[in-house]
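In what follows, a structure is listed as structure tokens, so that the remarks can point back to it.
The values are calculated or read from the model by the stated rules, or taken from the named source; none is laboratory data. Since we're looking at a predicted model, the values are computed, not measured. Every residue, glycine as well, gets a Cβ built from its backbone with ideal geometry; the counts of neighbours run over all protein chains shown.
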Amino acid sequence: MSLPSTSAAALPPIAFIGGGNMASAILGGLIRQGLPPAAVEIVEPFEDARARLAQQFGVEPRAHASVALARCRLIVWAVKPQTFAEAAAPVRAWADNGLHLSVAAGIPSASIARWLGTENVIRAMPNTPALVGQGMTGLFARPAVESDGRRLVEQVLAPTGDLLWVDAEDALDAVTAVSGSGPAYVFYFIEAMIEAGIEMGLPPAQAKQLAIGTFTGASTLAKASSEPPSILRERVTSKGGTTHAALSALEAAGVKASFKQAIRAAERRAGELADEFGRA
């Protein structure tokens, strides 16, 4: 689901617990759309990160949770999974009436609800292209979340890219495996294409331009086309031609089967993270 860009000036105050890359992607998009820095509360324990956020966005991050969080309608959790439970304890007293949006990988919404003392929880699984407004984010809302809460989260995340709601929380493990980890797969294949280009005699800069340009163009075409990728692939592949030779080599090496196994490994690991860090 793509949402039109709208002004963020009318949004209620928003808090971020953690100020890393994903928090910066969301915050940067909102400020560019008109959210005043004064409407933002950030809790970030690391001094260097606080200084960066202040310089980049004009906000005033705090080292610890405080009563200032009580004014925030939405609290965005952008902490590492292994620190979520610890970070939640001091926040709970000030933010139990807010809507909580977690972008922490693998932490079940039931655990978040338990740690924060509220059922008003939405989980999000974004990916790193959100940093340039081209992300893909999967979303799941607990039953207690009302429609206005969903709309608020949609407006807050719209600057990061496309959004997809799932009906079952377990589906977020698949979202994590396909799109959350997905940019790394793309970078992996881009690396291979660049290396192959260099080995065939292309200058590194040209090999990089060709590889990235090809992925960008193919992805744009796949998104714009009403036809499935299999048909688009077939149109590029003439029997006995160069593309046919390349794809035959990939099939002979079992690349597609191995790639699908890799994605399933990511899905399993997403479930393991829930077991490891969601019990506290």
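Listed by first and then second residue, the pairs with beta-carbon distance under 6 Å, at least 6 apart or on different chains, first residue in the range 138-158 and closer than 22 Å to Ser24 by Cα, second part of a helix (DSSP H, G or I), are Gly138/Leu172; Gly138/Val175; Phe140/Leu172. The residue that is farthest from the chain's Cα centre (by Cα), counting only those in the range 89-117 that are outside any loop (DSSP other than H, G, I, E, B), under 20 Å from Met22 (Cα atoms) and touching a residue at least 40 places away in the same chain (Cβ under 8 Å), is Val91. Kindly indicate whether Leu35 is buried (at least 16 other Cβ atoms within 10 Å of the Cβ) and in contact with a Leu (Cβ under 8 Å, 6 or more places away or on another chain). Spelling it out, Leu35 is indeed buried (at least 16 other Cβ atoms within 10 Å of the Cβ) and in contact with a Leu (Cβ under 8 Å, 6 or more places away or on another chain).
A single member of Glu86, Glu41 is over 22 Å from Thr128 (Cα atoms) and part of a strand (DSSP E or B), and it is Glu41. Scanning the range 75-83 turns up no residue that is surrounded by 20 or more Cβ atoms within 10 Å (Cβ to Cβ), in contact with a helix residue (DSSP H, G or I) (Cβ under 7 Å, 6 or more places away or on another chain) and free of Cβ contacts under 8 Å to residues at least 60 places away in the same chain.
Considering (1) small (Gly, Ala, Ser); (2) touching a helix residue (DSSP H, G or I) at 6+ places or on another chain (Cβ under 9 Å); (3) loosely packed, with under 14 Cβ neighbours inside 10 Å; (4) at pLDDT 95 or above, the lone condition that Ala51 does not fulfil carries the number (2).
Restricted to strands (runs of 3 or more DSSP E) entirely inside the range 118-182, those with at least 3 residues that are closer than 28 Å to Ala89 by Cβ are 121-125, 135-141.
For first residues located in the range 19-40 and closer than 20 Å to Ala105 by Cβ, partners that are aromatic (Phe, Trp, Tyr) and lie 6+ apart or on another chain with Cβ distances below 7 Å form the pairs Ala23/Phe16; Leu27/Phe16; Leu27/Phe57. Filtering the range 190-229 to residues that are more than 25 Å from the chain's Cα centre (by Cα), part of a helix (DSSP H, G or I) and either modelled with pLDDT under 95 or small (Gly, Ala, Ser) (or both) leaves Ala196, Gly197, Ala205, Ala207.
Closer than 27 Å to Lys80 by Cα and either in contact with a helix residue (DSSP H, G or I) (Cβ under 9 Å, 6 or more places away or on another chain) or not assigned by TED's automatic domain parsing to the domain that holds Pro143 (or both): is that true of Ala257 in this structure? No, not satisfied. Say we look at the range 168-205 and pick out the residues that are touching a residue at least 24 places away in the same chain (Cβ under 8 Å) and among the acidic types (Asp, Glu); which of these is surrounded by the fewest Cβ atoms within 10 Å (Cβ to Cβ)? The residue in question is Glu169.
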